[in-house]
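Read the figures in this text as sums done on the coordinates, not as results from a lab. Just so we're clear, the structure is a prediction, and the values are computed from it rather than from any experiment.
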Amino acid sequence: MDKFQKILIADDHALVRRGLRQVLETRPSIRVIEAENGEEALHMIRQEKPQVALLDIEMPKMTGFDVAVRVQNESLPVTLVFLTMFKEEHVFNKAMDVGVKGYVLKENTIAEILQCIQAVTAGKYYLSPSISDFLVRRNAKLVTPASDATGVGLLTPAERNLLKLLAEMKTNQQIADALHISIKTVHNHRNNICDKLGLQGAHALLKFAVEHVSQL
């Protein structure tokens with residue numbers, strides 16, 4: 001970080017902002033600005049044009065997600081980092097979906113925050129090591145074979161076998177007999193497949209099975 005950087009810290013806890021600011025400003029190349037809520041953070045991103053914005057997720061007036069969506073919609077030139085207590089994978093995935101480049105847990109050290117700033121400034125992603133598996137799993141889902149464009153790759157072997165039989169116009173009872181499972185399990189598989197593929201309607205699953213049988 002050898003060139004001047006303006007960093008926004010947005011958190012509704014003054015002690016958090018103050019602590020981060022004191023450490024970050026020991027680096028002569030960093031200038032820190034602060035916001036105490038999401039609305040103020042968005043205003044400062046628009047007006048002050050920081051290179052990096054460290055956002056808490058839970059803030060008054062606008063959440064970190066709200067700010068990120070507005071930044072994305074307005075194509076504002078700032079790199080977003082979530083500094084949060086949330087360790088849940090679905091929260092992380094949602095953050096990636098709205099353009100966040102860094103995801104750092106508050107329980108981690110200030111040194112890690114500095115590493116994160118360096119990484120995202122260089123155009124890389126950064127997340128706390130304790131949740132690094134989240135990014136691995138996310139990338140595995142994004143880098144998929146052609147069959148996954150339709151969602152087939154999301155299905156288990158058992159679900160694929162069921163779809164093959166469905167494509168052959170087998171009844172639920174015939175499918176249960178062929179797979180040596182109960183009718184209830186057949187219904188559960190069908191519901192799970194529909195959920196994974198986003199299918200709705202009485203014949204949507206049959207139509208999908210017939211159209212994609214070559215990929216099963």
Checklist entry - Summing -39500 (n - 2.57) over the DSSP H runs of n ≥ 4 in the chain and dividing by its residue number, what mean residue ellipticity at 222 nm do you reach, to the nearest 500 deg cm²/dmol? => result -14500 deg cm²/dmol
Next on the checklist: What does the C-alpha gyration tensor say about the overall shape of the chain? Classify as rounded when a/c is under 1.5, otherwise prolate if a/b is larger than b/c, or oblate.
Outcome noted: prolate
Checklist outcome for this item: Honestly the range 7-54 on the Cα gyration tensor test (a ≥ b ≥ c root eigenvalues; a/c under 1.5 rounded, otherwise a/b vs b/c for prolate or oblate) is just oblate
Checklist entry - So how much slack lies between Thr26 and Ser132, counting 0.36 nm per residue of separation and subtracting their Cα-Cα distance, in nm? => result 35.3 nm
Next on the checklist: Can you tell me the orientation of helix 64-73 relative to the chain, as the angle in degrees between its alpha-carbon axis and the longest Cα principal axis, to the nearest 10?
Outcome noted: 80 degrees
Item to check | Placed amide H near Val52: partners under 5 Å, 5+ positions off or other chain | outcome: Lys6, Leu8, Thr79
